[in-house]
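Notes follow once the structure below has been shown.
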Amino acid sequence: MGIVSRIKREIFIRPWLKQGYSRKLANAYYRKVQRDNALDNGISMEDKKWAHDHKYLSTSIGKYDLKNNPDKYISDVDYLFLQPFNNSFSKWMKDLVTTNHILVDYPEHLPKLYFSIIDREHKKIFLPIDTVNRAYGENYDDFIKLLDERGKLCLRPASNSTNRSTYIIERVGENRYKLCADKVDQLRMTMFGYGYDRHGLLCEGKLDEHSKSFPPNPCKKQEYDKESLLELISSLKYSYVIAEPYKMREGIDGTIKLYIANNELKTTELLDAYFLPHGATRPNHIRISETGEVEGRDLTIPGWDNIIADTLKIAAFVSEIEYFAVYIILTEDGFVIDRFSTSPALPPVAHSDKLNDYLLDRLAKKRSTFKTTKRSIWKAFKNKRFNCFVRKFCRPGIRPYMQSLWMHSVWDDFLHTKSTNIFQKIWCWKHGFQSFRIQQYGLTKENYKNFLSDYQYHWLNRINNGYQIWINDKTTTRYVMEPYKQFLAKYYYDIIKMNGKTCIKALQDIPEGFEASFDGIFKLLRQEKLLALKPSAGTHGDG
């Protein structure tokens, strides 16, 4: 960004900073405004400027009838201000495998998963989703056996993606397999404007303009045998899962989208509901009434009351997540929550008063507790400068957080290690060791290369893949390890700060008759005589 562009940006964001918004948010809104100004949507620049001054993008003028209702709906700026909507537990909904383990008691309403495909030591490893019974096997050979039995299985990205598509692997003969389009995902990605099969893995069909930015896959074939299919799967980046293909219900050609809120771990409510017709080139949101009727269409969602009741029950089970959207697909034998969004975009039509009131209430609560101080501004500035320092001067690939830990460990070594002199310390730091390793390892100039240095260990981090989130905090570990609960400590209560308020949730191991309150905690303490109070996140046994 040139000096002129920087000055323009600074002039734009200055009023927003004075209103108490963070620089990060102001910069994000500036980028949105720049894209909005470049958008040819038939709205004059004068009206666009009016909308931007009132904290909205130009598309909201017609969406909310802003000229007549300038203060009724939450603004686009304030919706940005509310983000992130959830705490760290939103990670439960980031990938299919984690969600499947968290919601282990609700398999009938989740995608049926068989195998997780992960990278380990530069190879694709097939792991069973059912780690207890392993009914479908536990490796690639077992996957092929299952594919031969079922005829069709789904190859799906483990996490939601705008670039990676879902495919059907079909058995077409003895040791002959074909990669086909998954019609449900094709309709979904087309509807959201992502473009299906961007990586060009399918042999039929014409590549769209987005696909040209991806290199052709050398493993692509018309048909595959067992070995070449593994080569194709191994060539894919990131994690995938093997799942059962959806069998969509006839007459319901669309996806149901629900906005849901959990309030302080106690109540769960439906805020808004929409029907997203398949086949559209953009996500057309049609409101669904409280009785399940799709407005403007001769369509009533079958089993609507049961869908809402079951979905709210699932949402209440993960009440640590405050606000999210679910996308539901009706199948021949019920419904499936295809995916969750813990940072949902507002619909392209005016949302319901109930959703709007909820958002405005959260906005008021956040404004009453949020404050941009000089200290926070200085901290953000220091972090930005430090990150820049790490990128330019430190070993490529090390995370700023780990570089910071290394620098703190060097300072601690300088202050507290008394067994070495300053020259030994400098030699150790220069070679990536803390000086107490001289005595611990017997370090010398001749043998130091035989040991993994402390700095190298910091550089290696993270050693595990994304599924390390399962053990990053005790609450998540308890949810994920439900089939192995007999080997874990008992978890009775979860105590979380929400909107500045201390909230309590009863966890899976709580005996009957104990409520989620401080009275319940003290009642349990009188019964058990001794309880441990520990931070949810942390590995040092504090508590």
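The values are calculated or read from the model by the stated rules, or taken from the named source; none is laboratory data. Remember, predicted model here, so these are calculated numbers, not experimental data. When we count neighbours, we look across all protein chains shown, and the Cβ atoms used for this are built from the backbone with ideal geometry, even at glycine.
Within region 256-290, the set of residues being touching a helix residue (DSSP H, G or I) at 6+ places or on another chain (Cβ under 7 Å) and part of a strand (DSSP E or B) comprises Leu258, Tyr259, Ile260, Ala261, Asn262, Thr268, Leu270, Leu271, Asp272, Leu276. Within region 230-255, being assigned to a loop (DSSP other than H, G, I, E, B) and either hydroxyl-bearing (Ser, Thr, Tyr) or in contact with an Asp or Glu (Cβ under 6 Å, 6 or more places away or on another chain) (or both) holds for Ser235, Tyr238, Ser239, Tyr246, Lys247, Arg249. Please work out which residue is modelled with the highest pLDDT, limiting yourself to region 446-463 and to residues that are in a loop (DSSP other than H, G, I, E, B) and charged (D, E, K, R). Residue satisfying both the conditions and the ranking: Glu446. Just so you know, in region 66-90 the residues that are in contact (Cβ under 8 Å) with a residue 24 or more places away in the chain and charged (D, E, K, R) include one that is farthest from Gly20 (Cα to Cα), and it is Lys72. From the list Ser419, Ser404, Ser435, which residue is in contact with a helix residue (DSSP H, G or I) (Cβ under 8 Å, 6 or more places away or on another chain), exposed (fewer than 11 other Cβ atoms within 10 Å of the Cβ), free of Cβ contacts under 8 Å to residues at least 60 places away in the same chain and not assigned by TED's automatic domain parsing to the domain that holds Asn262? On inspection, the qualifying residue turns out to be Ser419. Among the residues of region 1-42, just one is in contact with an Asp or Glu (Cβ under 9 Å, 6 or more places away or on another chain) and either of a type in the set (D, E, K, R) or more than 27 Å from Thr373 (Cβ to Cβ) (or both), namely Lys32. Exactly one residue among Ile13, Ile61, Ile3, Ile43 is without any contact (Cβ under 8 Å) to a residue 24 or more places away in the chain and out of contact with any helix residue (DSSP H, G or I) (no Cβ under 8 Å at 6 or more places or on another chain), and that residue is Ile3. Against the list (1) crowded, with 17+ Cβ neighbours inside 10 Å; (2) over 22 Å from Ser116 (Cβ atoms); (3) of a type outside the set (Lys, Arg); (4) modelled with pLDDT under 95, the condition Ile469 fails is (2). Residues in region 15-30 that are within 16 Å of Ser75 (Cα to Cα) and either among the hydrophobic types (A, V, I, L, M, F, W, C) or modelled with pLDDT of 90 or more (or both): Trp16, Leu25, Ala26, Ala28, Tyr29, Tyr30. No other residue among Phe85, Phe12, Phe81 is in contact with a strand residue (DSSP E or B) (Cβ under 7 Å, 6 or more places away or on another chain), at pLDDT below 95 and of a type outside the set (S, T, N, Q) apart from Phe85. Here Arg171, Arg188 are screened, and the one residue that is part of a strand (DSSP E or B), farther than 26 Å from Tyr467 by Cα and not hydrophobic (A, V, I, L, M, F, W, C) is Arg171. What are the residues in region 105-134 that are acidic (Asp, Glu) and part of a loop (DSSP other than H, G, I, E, B), if any? Hits for region 105-134 are Asp105, Glu121, Asp130. A single member of Glu250, Glu290 is outside the structural domain of Pro128 (by TED's automatic domain parsing), exposed (fewer than 15 other Cβ atoms within 10 Å of the Cβ), over 23 Å from the mean Cα position of the chain (by Cα) and under 28 Å from Arg171 (Cβ atoms), and it is Glu250. Going through (1) over 21 Å from the mean Cα position of the chain (by Cα); (2) in contact (Cβ under 8 Å) with a residue 24 or more places away in the chain; (3) outside any loop (DSSP other than H, G, I, E, B) one by one, Lys523 falls short only on (2).
For Thr99, all conditions in the list (1) at positive phi; (2) touching a helix residue (DSSP H, G or I) at 6+ places or on another chain (Cβ under 7 Å) hold save one; what is the number of the exception? The number of the failed condition is (1). Where helices (runs of 4 or more DSSP H) sit wholly within region 1-104, those with at least 1 residues that are of a type in the set (Asp, Glu) occupy 3-18, 23-38, 45-53, 76-82. Exactly one residue among Leu355, Leu363 is of a type in the set (A, V, I, L, M, F, W, C) and modelled with pLDDT of 95 or more, and that residue is Leu355.
Looking across Lys379, Lys371, one residue alone is farther than 27 Å from Ile74 by Cα and either out of contact with any Cys (no Cβ under 6 Å at 6 or more places or on another chain) or among the acidic types (Asp, Glu) (or both). It is Lys379. Does region 294-304 include one or more residues that are within 21 Å of Pro111 (Cα to Cα) and either at pLDDT below 90 or in a helix (DSSP H, G or I) (or both)? Taking every residue of region 294-304 in turn, at least one turns out to be within 21 Å of Pro111 (Cα to Cα) and either at pLDDT below 90 or in a helix (DSSP H, G or I) (or both).
Applying the criterion of being of a type in the set (S, T, N, Q) and assigned to a loop (DSSP other than H, G, I, E, B) to the residues of region 316-349, the residue that is surrounded by the fewest Cβ atoms within 10 Å (Cβ to Cβ) is Ser343.
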